[in-house]
1. Please name all residue pairs, on different chains or six or more residues apart, with Cβ atoms under 7 Å, provided the first residue is in the stretch 285-297 and is closer than 19 Å to residue 260 by Cβ and the second residue is of a type in the set (Val, Ile, Thr) and surrounded by fewer than 17 Cβ atoms within 10 Å (Cβ to Cβ).
2. Restrict the check to the stretch 334-348 and report whether at least one residue is farther than 19 Å from residue 138 by Cα and not polar (S, T, N, Q).
3. When you scan the stretch 253-266, do you find a residue that is touching a Cys at 6+ places or on another chain (Cβ under 6 Å) and surrounded by 20 or more Cβ atoms within 10 Å (Cβ to Cβ), even just one?
4. Within the stretch 148-187, track down each residue that is part of a strand (DSSP E or B) and under 23 Å from residue 217 (Cβ atoms).
5. Quick one: is residue 287 at pLDDT 95 or above, open to solvent by 20 Å² or more (accessible area, probe 1.4 Å) and closer than 21 Å to residue 118 by Cα?
6. Of these, 156, 245, which one is more than 19 Å from the chain's Cα centre (by Cα) and either over 26 Å from residue 296 (Cβ atoms) or in contact (Cβ under 8 Å) with a residue 12 or more places away in the chain (or both)?
7. What's the number of the only condition in (1) out of contact with any Ser or Thr (no Cβ under 7 Å at 6 or more places or on another chain); (2) touching a residue at least 24 places away in the same chain (Cβ under 8 Å); (3) over 23 Å from residue 337 (Cβ atoms) that residue 300 fails to meet?
8. So if I check each of 280, 270, which one is of a type outside the set (Lys, Arg), open to solvent by less than 10 Å² (accessible area, probe 1.4 Å), on the phi < 0 side of the Ramachandran plot and touching a residue at least 24 places away in the same chain (Cβ under 8 Å)?
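The values are calculated or read from the model by the stated rules, or taken from the named source; none is laboratory data. Just so it is clear, the structure is predicted and the values come from calculations on it, not from any experiment. Every residue, glycine among them, receives a Cβ derived from its backbone with ideal geometry; neighbour counts consider all protein chains shown. Ligands, DNA and RNA are stripped out before the accessible areas are found, and what is left, the full protein with its side chains, is counted by its heavy atoms. Shrake-Rupley method; radii C 1.70, N 1.55, O 1.52, S 1.80 Å.
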Amino acid sequence: MKTHILNLNKSPYENGKASGENFKAVLDPAFIKKTEIINHDKSLMEKCSFLLGRLRDEFPVYYEETKGKADGLGLELINYFSSLCPELMGTYQDSCTSIITRKENGNFVLCHNEDDVYIKGNLCFSKISYGNESCFITNDMYNMPFGNGVSLNSHGIFKSINFCYDENINTDNLPRYFAQRHISEAENISDFISRCTQIDTASGFHAIAIDINKNIAVSVEVYSDGIDVEYINDVYIHTNHFIHGKHAINPKASPSGNSIFRLHKATELLKTAERTGDSLKKILSHESPDNNWEKSIFQNETAPERTLFQVTVNTDGDILISTDIYTTNERIVTDRKGNIRICQQKSEK
């Protein structure tokens, strides 16, 4: 199945609807069933209604995108919105690994594994227009708002996202998915950091941001009660547990995942690796000899969440981003101007 590239340049509602219509034919019946859980739970329905009202009142653009996506998928808005509330519905992933290094010339190389539950057909790349001639390119899935995962916007800000295991959840706050949508429009690194504080989020997450024009990179851990920022000047690795400040002393990771293993293994392999995209890609492609996902960085089809694609960002060249999609054997390249195209070649680890 070929990966679609959507150019969404209309109203927020129409952009959401076009995305939903793109996925309607491949909508998973199990996903539809999960959206109907709230129909049989009054307290969940009331909480979803409360959060949807907050989204409508505080971030009407994101509300309109969500409404459009629900209509495009042919789902009731409140039911579809419940699927975008992972903290409320108990939906968690222990997935994604990021490595970034700074070269001697000051440029950055980043490699990121985007891991998630594999649903056939649930991936495209969309170019979302917003505001005054601004846009961002992002991986687009029907079970998330725009801007979740990786994105590059017209201001030159690239970002990647890692889920983080969080025991401090506040379901009165908006789902983290919408905080991740919000930071996709950052105009610079200072704005990126500021945007990380502008939505009270139900749970935390991690983001790396690179200003591709000024060669500035930051790691931001977002918590339900604040943020912690580290500027990146050498090498940096993050998986799916908090590691900044006090969290570095006693890290807490999901007991059912392998976040700590991936962090330690990537750190070990990086010690002897060159600071090139190919070297970082090789690290993130590490699999155990016995095909054990718990002892692997790259998550194959035996893992609860598969590595859907691998992104390599190099601020040196004209080809800024190379994305290998392993579920369809395609490579997508994005240049510095935001032009995106599919290369007719098989992507290999």
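1. The qualifying pairs are 293/302.
2. Yes, the conditions are met somewhere in the stretch 334-348.
3. no
4. Filtering the stretch 148-187 for residues part of a strand (DSSP E or B) gives 151-153, 157-163, 174.
The answer is 151, 152, 153, 157, 158, 159, 160, 161, 162, 163.
5. Values: at pLDDT 95 or above: yes; open to solvent by 20 Å² or more (accessible area, probe 1.4 Å): yes; closer than 21 Å to residue 118 by Cα: yes.
Yes, satisfied.
6. Details: 156 fails: more than 19 Å from the chain's Cα centre (by Cα).
Exactly one of 156, 245 is more than 19 Å from the chain's Cα centre (by Cα) and either over 26 Å from residue 296 (Cβ atoms) or in contact (Cβ under 8 Å) with a residue 12 or more places away in the chain (or both), namely 245.
7. Result: residue 300 passes all but (2).
8. Details: 270 fails: open to solvent by less than 10 Å² (accessible area, probe 1.4 Å).
The unique qualifying residue is 280.
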